[in-house]
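Asker: Handing you a structure now.
Here, each number is a calculation from the coordinates, and none is a lab measurement. Everything numeric here is computed off the predicted structure, so don't read it as measured data. Counting neighbours? That spans all protein chains shown, and the Cβs are built from the backbone with ideal geometry, glycine included.
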Amino acid sequence: MSRALVGALVVALVAIAIFSLTQVACYEMGRCGGSSYSYASYMLTAILSVLLLSLVYIFSIKLQK
């Protein structure tokens, strides 16, 4: 059961990171409207989701030992 939850968490975090990074890229290219606040919030969301993904990976490795 816990493996399924970890897998679902990983998939959700990857989806959030991909969405945030595409929004940042869209803003950088000037295709999407938005303010610097939305740019910063998408960038922060991407950074936090990648950080959480790395923490999930570290904890899953430690739990396997």
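Asker: Taking Cα atoms, how many degrees apart are the long axis of helix 36-64 and the longest axis of the chain, rounded to 10 and kept between 0 and 90?
Answerer: 10 degrees
Asker: Relative to the longest principal axis of the chain, what angle (0 to 90°, nearest 10) does the C-alpha long axis of helix 2-29 take?
Answerer: Compared with the principal axis, the helix lies near 20 degrees.
Asker: Extent of the chain along each principal axis, from alpha carbon coordinates, in Å, largest to smallest?
Answerer: 47, 16, 15
Asker: Only counting other Cβ atoms within 10 Å, I'd like Val56, Val11 sorted with the fewest neighbours first.
Answerer: Listing Val56, Val11 from fewest to most nearby Cβ atoms yields Val11, Val56.
Asker: Over the stretch 2-64, what is the mean sequence separation of C-alpha contacts under 8 Å (at least six apart), divided by residue count, expressed as relative contact order in percent? Could you put the intermediate results ahead of the total?
Answerer: On the way: 36 pairs, mean separation 26.8, N = 63.
Relative contact order for the stretch 2-64 comes out at 43 percent.
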